[in-house]
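To start, the structure under review is shown below, and the notes come after it.
The values are calculated or read from the model by the stated rules, or taken from the named source; none is laboratory data. For clarity, every value in this text was computed on a predicted model and none was experimentally measured. Every residue, glycine among them, receives a Cβ derived from its backbone with ideal geometry; neighbour counts consider all protein chains shown. Just so you know, the surface numbers come from the protein's heavy atoms only, side chains and all, with ligands and any DNA or RNA stripped out. Shrake-Rupley method; radii C 1.70, N 1.55, O 1.52, S 1.80 Å.
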Amino acid sequence: MKITKINHIGIAVTSIDEALKIYTDVLGLKVQSMEVVPEQKVRTAIIPVGESKIELLESTDPEGTIAKFIEKQGEGIHHMALEVDDVQAALGVLTGKGMALIDQKPRKGVENTQIAFLHPKGTRRVLLELVES
Ligand code: ZN
(Lines give C-alpha, C1' and ligand atoms only; values in the text may rest on other atoms or scores of the structure.)
Protein backbone atom coordinates (compact mmCIF):
# COMPACT_ATOMS: atom_id res chain seq x y z
CA MET A 1 0.00 0.00 0.00
CA LYS A 2 1.44 3.33 -1.05
CA ILE A 3 -0.12 6.66 -0.02
CA THR A 4 1.01 9.33 -2.47
CA LYS A 5 -0.68 12.55 -1.38
CA ILE A 6 -3.73 14.21 0.15
CA ASN A 7 -6.09 13.93 -2.80
CA HIS A 8 -8.75 16.19 -1.31
CA ILE A 9 -10.44 17.57 1.78
CA GLY A 10 -14.20 17.06 1.84
CA ILE A 11 -16.23 19.93 3.25
CA ALA A 12 -19.92 19.64 4.13
CA VAL A 13 -21.94 22.70 3.15
CA THR A 14 -25.63 23.50 3.18
CA SER A 15 -25.35 25.20 -0.21
CA ILE A 16 -22.58 24.79 -2.79
CA ASP A 17 -23.72 27.98 -4.50
CA GLU A 18 -23.29 29.93 -1.27
CA ALA A 19 -19.95 28.26 -0.43
CA LEU A 20 -18.58 28.96 -3.90
CA LYS A 21 -18.84 32.68 -3.20
CA ILE A 22 -15.96 32.15 -0.75
CA TYR A 23 -13.86 29.70 -2.75
CA THR A 24 -14.20 31.33 -6.16
CA ASP A 25 -15.20 34.98 -5.66
CA VAL A 26 -13.08 35.64 -2.56
CA LEU A 27 -10.22 33.12 -2.77
CA GLY A 28 -10.06 33.18 -6.57
CA LEU A 29 -10.06 29.37 -7.03
CA LYS A 30 -11.73 27.69 -10.00
CA VAL A 31 -14.27 24.85 -10.06
CA GLN A 32 -13.02 21.88 -12.07
CA SER A 33 -16.24 19.88 -12.09
CA MET A 34 -19.66 19.58 -10.49
CA GLU A 35 -21.37 16.25 -10.16
CA VAL A 36 -24.37 14.65 -8.46
CA VAL A 37 -23.65 11.25 -6.92
CA PRO A 38 -27.12 9.73 -6.37
CA GLU A 39 -25.85 6.70 -4.39
CA GLN A 40 -24.25 9.05 -1.86
CA LYS A 41 -27.10 11.59 -1.97
CA VAL A 42 -24.71 14.47 -2.62
CA ARG A 43 -23.94 17.17 -5.11
CA THR A 44 -20.22 17.92 -5.29
CA ALA A 45 -17.98 20.67 -6.57
CA ILE A 46 -14.30 19.89 -7.09
CA ILE A 47 -11.90 22.79 -6.69
CA PRO A 48 -8.23 22.08 -7.43
CA VAL A 49 -5.62 23.64 -5.16
CA GLY A 50 -2.17 22.73 -6.48
CA GLU A 51 -1.72 18.96 -6.17
CA SER A 52 -4.80 18.60 -3.98
CA LYS A 53 -8.47 19.51 -4.17
CA ILE A 54 -11.30 20.81 -2.09
CA GLU A 55 -14.49 18.75 -2.44
CA LEU A 56 -17.61 20.65 -1.47
CA LEU A 57 -20.47 18.34 -0.49
CA GLU A 58 -24.11 19.42 -0.47
CA SER A 59 -26.80 16.93 0.47
CA THR A 60 -29.52 16.16 -2.06
CA ASP A 61 -31.62 14.36 0.55
CA PRO A 62 -32.50 15.28 4.18
CA GLU A 63 -31.75 11.63 5.11
CA GLY A 64 -28.32 11.65 3.47
CA THR A 65 -25.08 11.34 5.46
CA ILE A 66 -24.03 14.93 4.69
CA ALA A 67 -27.41 16.29 5.83
CA LYS A 68 -27.12 14.27 9.04
CA PHE A 69 -23.53 15.46 9.58
CA ILE A 70 -24.55 19.12 9.24
CA GLU A 71 -27.56 18.56 11.49
CA LYS A 72 -25.25 17.21 14.22
CA GLN A 73 -22.09 19.29 13.84
CA GLY A 74 -22.86 22.11 11.45
CA GLU A 75 -21.00 22.84 8.25
CA GLY A 76 -17.28 22.11 8.14
CA ILE A 77 -14.56 19.61 7.32
CA HIS A 78 -16.14 16.20 6.79
CA HIS A 79 -13.30 13.95 5.63
CA MET A 80 -9.76 13.78 4.31
CA ALA A 81 -8.98 11.69 1.27
CA LEU A 82 -5.62 9.99 0.86
CA GLU A 83 -4.57 8.94 -2.61
CA VAL A 84 -3.35 5.37 -2.93
CA ASP A 85 -2.06 3.41 -5.91
CA ASP A 86 -4.62 0.60 -5.41
CA VAL A 87 -7.71 0.96 -3.18
CA GLN A 88 -8.61 -2.73 -3.28
CA ALA A 89 -5.10 -3.75 -2.20
CA ALA A 90 -5.00 -1.03 0.47
CA LEU A 91 -8.28 -2.30 1.99
CA GLY A 92 -6.74 -5.77 2.21
CA VAL A 93 -3.62 -4.47 3.94
CA LEU A 94 -5.61 -2.31 6.38
CA THR A 95 -8.07 -5.10 7.21
CA GLY A 96 -5.05 -7.27 7.97
CA LYS A 97 -3.89 -4.61 10.43
CA GLY A 98 -7.27 -4.62 12.16
CA MET A 99 -8.63 -1.37 10.70
CA ALA A 100 -12.42 -1.08 10.68
CA LEU A 101 -13.89 -0.19 7.29
CA ILE A 102 -17.09 1.49 6.16
CA ASP A 103 -16.60 0.15 2.63
CA GLN A 104 -15.48 -3.46 2.39
CA LYS A 105 -14.75 -2.99 -1.29
CA PRO A 106 -14.08 0.05 -3.51
CA ARG A 107 -16.98 2.00 -4.97
CA LYS A 108 -17.24 4.70 -7.59
CA GLY A 109 -16.37 8.24 -6.51
CA VAL A 110 -16.54 11.56 -8.35
CA GLU A 111 -14.46 12.05 -11.51
CA ASN A 112 -14.32 8.28 -12.18
CA THR A 113 -12.26 7.45 -9.14
CA GLN A 114 -12.42 4.34 -6.98
CA ILE A 115 -12.96 5.19 -3.32
CA ALA A 116 -13.46 3.56 0.07
CA PHE A 117 -14.06 5.01 3.52
CA LEU A 118 -12.37 3.77 6.68
CA HIS A 119 -14.40 3.69 9.88
CA PRO A 120 -13.71 6.76 12.05
CA LYS A 121 -13.72 4.64 15.23
CA GLY A 122 -10.34 3.30 14.13
CA THR A 123 -8.86 6.65 13.12
CA ARG A 124 -9.38 8.91 16.13
CA ARG A 125 -12.64 10.27 14.75
CA VAL A 126 -11.09 11.44 11.49
CA LEU A 127 -13.10 10.15 8.57
CA LEU A 128 -10.52 8.93 6.05
CA GLU A 129 -11.29 8.17 2.44
CA LEU A 130 -8.94 6.26 0.16
CA VAL A 131 -8.92 7.37 -3.48
CA GLU A 132 -7.46 5.75 -6.55
CA SER A 133 -7.63 8.08 -9.53
ZN1 ZN B 1 -14.17 12.75 -0.73
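Within region 82-101, being exposed (fewer than 15 other Cβ atoms within 10 Å of the Cβ) and either more than 18 Å from the chain's Cα centre (by Cα) or within 18 Å of Gly122 (Cα to Cα) (or both) holds for Ala89, Gly92, Val93, Thr95, Gly96, Lys97, Gly98, Ala100.
Selection of region 75-107 for residues being free of Cβ contacts under 8 Å to residues at least 24 places away in the same chain and charged (D, E, K, R) yields Lys97, Asp103, Lys105.
Of the conditions (1) farther than 16 Å from Ile6 by Cβ; (2) modelled with pLDDT of 95 or more, Asn112 satisfies every one except a single condition; which number is it? Failing condition for Asn112: (2). Somewhere in region 112-124, is a residue among the hydroxyl-bearing types (Ser, Thr, Tyr) and touching a strand residue (DSSP E or B) at 6+ places or on another chain (Cβ under 6 Å)? Yes - at least one qualifying residue is present in region 112-124. Looking at region 42-63, is at least one residue of a type outside the set (D, E, K, R), within 15 Å of the ligand (Cβ to nearest atom) and modelled with pLDDT under 95? Checked against the condition, which is being of a type outside the set (D, E, K, R), within 15 Å of the ligand (Cβ to nearest atom) and modelled with pLDDT under 95, region 42-63 yields no hits at all. Within region 78-100, can one find any residue that is within 12 Å of the ligand (Cβ to nearest atom), touching an Asp or Glu at 6+ places or on another chain (Cβ under 6 Å) and not hydrophobic (A, V, I, L, M, F, W, C)? There is at least one residue in region 78-100 that is within 12 Å of the ligand (Cβ to nearest atom), touching an Asp or Glu at 6+ places or on another chain (Cβ under 6 Å) and not hydrophobic (A, V, I, L, M, F, W, C). Of His119, His79, all but one fail to be of a type outside the set (Lys, Arg) and open to solvent by less than 20 Å² (accessible area, probe 1.4 Å); the exception is His79. Taking the criterion of being buried (at least 16 other Cβ atoms within 10 Å of the Cβ) and over 17 Å from Lys108 (Cα atoms), the residues of region 65-74 that qualify are Ile66, Ala67, Phe69, Ile70.
Yes/no matrix, rows are residues, columns are (1) more than 19 Å from Leu127 (Cα to Cα); (2) surrounded by 15 or more Cβ atoms within 10 Å (Cβ to Cβ):
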position: Ser15; (1), (2): yes, no
position: Ala19; (1), (2): yes, yes
position: Ile46; (1), (2): no, yes
position: Val49; (1), (2): yes, no
position: Glu58; (1), (2): no, yes
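Residue by residue, here is whether (1) of a type in the set (Phe, Trp, Tyr); (2) farther than 13 Å from Ile16 by Cα; (3) over 14 Å from the mean Cα position of the chain (by Cα) holds:
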{"position": "Gln32", "(1), (2), (3)": "no, yes, yes"}
{"position": "Val42", "(1), (2), (3)": "no, no, no"}
{"position": "Leu57", "(1), (2), (3)": "no, no, no"}
{"position": "Thr60", "(1), (2), (3)": "no, no, yes"}
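Checking each residue in region 12-36 for being assigned to a strand (DSSP E or B) and free of Cβ contacts under 8 Å to residues at least 40 places away in the same chain picks out Met34, Val36.
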